[in-house]
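Comments concern the structure below.
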Amino acid sequence: MQSPLRVLAGATAWRKIQQSGLKADDIEVMVGASGGPKWFCLYGLDQYLLGQFFAGRSKPLHLLGSSAGAWRFSCYAQQDAVAASARFAKAYSEICYPAGADVSLVTRISHTVIDQVLPTAQHCAEVLTNPVMKLHLIVDRARGLTKVSNSLLQGAALGLTATANLLHRSLLQFFYQRVHFYAPGACAPFMHSAELPTEHVALTSDNLRAAILASGSIPMVLEPIENICDAKPGRYFDGGITDYHFNQRFSEDGLVLYPHFYPNLTPGWFDKALPWRRVKPELLHNVIILCPSDSWVRSLPYGKIPDRKDFKLPDAQRIAYWQEVLQRSHELASAFASGNYQLELL
């Protein structure tokens, strides 16, 4: 039977695995992409990695996420990470919006998920002080025309941003400032490897929830988070704008584990419609991508993994679909745990 899981490794990672297998302590960095409910297909892997693969780990593991990836990794950094991930999956998969809800109401309802991810000050403290799981997340602060609040002008600003990005990805810096929030004392190997100018802000009890919310604040879908504590004043949006799947060197020496929805990586949100714009291969030499196989995806309801378009479905139908994907995501974890996969070269 064909494995539900694909494991793709860059040349350095491939040689390392061939020589000594894939060991938890060889992983220095984990990466979590944007993608909204696409992450439901990775839920079982998250549960296995947290509950078994990384259990007992004592050396730091740097977690770099944007949008949904940032939310996932805020669960990783809690004391009972398995339970936190389960709370996130339940809250997100069961969320409902009234017909005709405006951006303000969608935002208020969406923000209730953070109360399940980080229900108490103690949970926030666990994320900030975790000696092993070091949280890093990307948020984008609006610049220039993208700072406007009028929806029509926002749409025009996004169109202009997309045009500039089409010309060259570096032009994004004139529309959004990339901001890297990091756990106190966490000196990550990717701290200064981004291709876009980056500001660095330490996470604290005063800005943790706001930074996580901002990292998932999709323009024109959710309201931005304004004036995050310890960061520069401004309107903060989804980190996936600049870092949809990331396009940077994550580590020089250690391996990088990247549970992902796809076998390929797209740098930024505006690059989704640009099939020629992919992450540079030379940045992936030590990266290991775990992703569902095409046959597994085809076997799901509707023949695809979840996405935000599913909100067009009736709530009961959508929730049932998402629950089935969450349950079946454990098939990927079982394949990974048992070695039931073919190692492929990226």
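What pairs can you find where one residue is in the stretch 152-165 and without any contact (Cβ under 8 Å) to a residue 24 or more places away in the chain, the other is not aromatic (Phe, Trp, Tyr), and their Cβ atoms are less than 6 Å apart, with a gap of 6+ or different chains? What qualifies is 157/145; 157/146; 164/171. In the stretch 119-145, the residues that are farther than 20 Å from residue 191 by Cβ and modelled with pLDDT under 95 reach residues that are small (Gly, Ala, Ser) and open to solvent by 30 Å² or more (accessible area, probe 1.4 Å) with C-beta atoms within less than 9 angstrom, at least six apart or across chains, in these pairs: 145/156.
The strands (runs of 3 or more DSSP E) found wholly in the stretch 1-117 and carrying at least 1 residues that are more than 17 Å from the chain's Cα centre (by Cα) occupy 5-9, 27-32. Within the stretch 272-298, the only residue that satisfies the criterion of being in a helix (DSSP H, G or I) and crowded, with 22+ Cβ neighbours inside 10 Å is 284.
Residues that are in contact with a strand residue (DSSP E or B) (Cβ under 8 Å, 6 or more places away or on another chain), open to solvent by less than 20 Å² (accessible area, probe 1.4 Å) and among the aromatic types (Phe, Trp, Tyr): does the stretch 314-325 have at least one? For the stretch 314-325, residues in contact with a strand residue (DSSP E or B) (Cβ under 8 Å, 6 or more places away or on another chain), open to solvent by less than 20 Å² (accessible area, probe 1.4 Å) and among the aromatic types (Phe, Trp, Tyr): absent. Close Cβ contacts (under 7 Å, 6 or more residues apart or on different chains) running from residues in the stretch 253-271 that are farther than 16 Å from residue 39 by Cα to residues that are open to solvent by less than 10 Å² (accessible area, probe 1.4 Å) and of a type in the set (D, E, K, R) comprise 268/243. Residue 189 meets the conditions (1) open to solvent by less than 30 Å² (accessible area, probe 1.4 Å); (2) in contact with a Ser or Thr (Cβ under 7 Å, 6 or more places away or on another chain) in every case but one. The failed one is (1).
Filtered by the rule that a residue be under 18 Å from residue 14 (Cα atoms), assigned to a loop (DSSP other than H, G, I, E, B) and among the small types (Gly, Ala, Ser), the stretch 329-346 gives a lone residue, 339.
The values are calculated or read from the model by the stated rules, or taken from the named source; none is laboratory data. All figures in this text were calculated on a predicted structure; none of them were measured in a lab. Glycine gets a Cβ as well: all are built from the backbone with ideal geometry, and neighbour counts include every protein chain shown. Note: areas computed on protein heavy atoms with side chains; ligands, DNA, RNA excluded. Shrake-Rupley method; radii C 1.70, N 1.55, O 1.52, S 1.80 Å.
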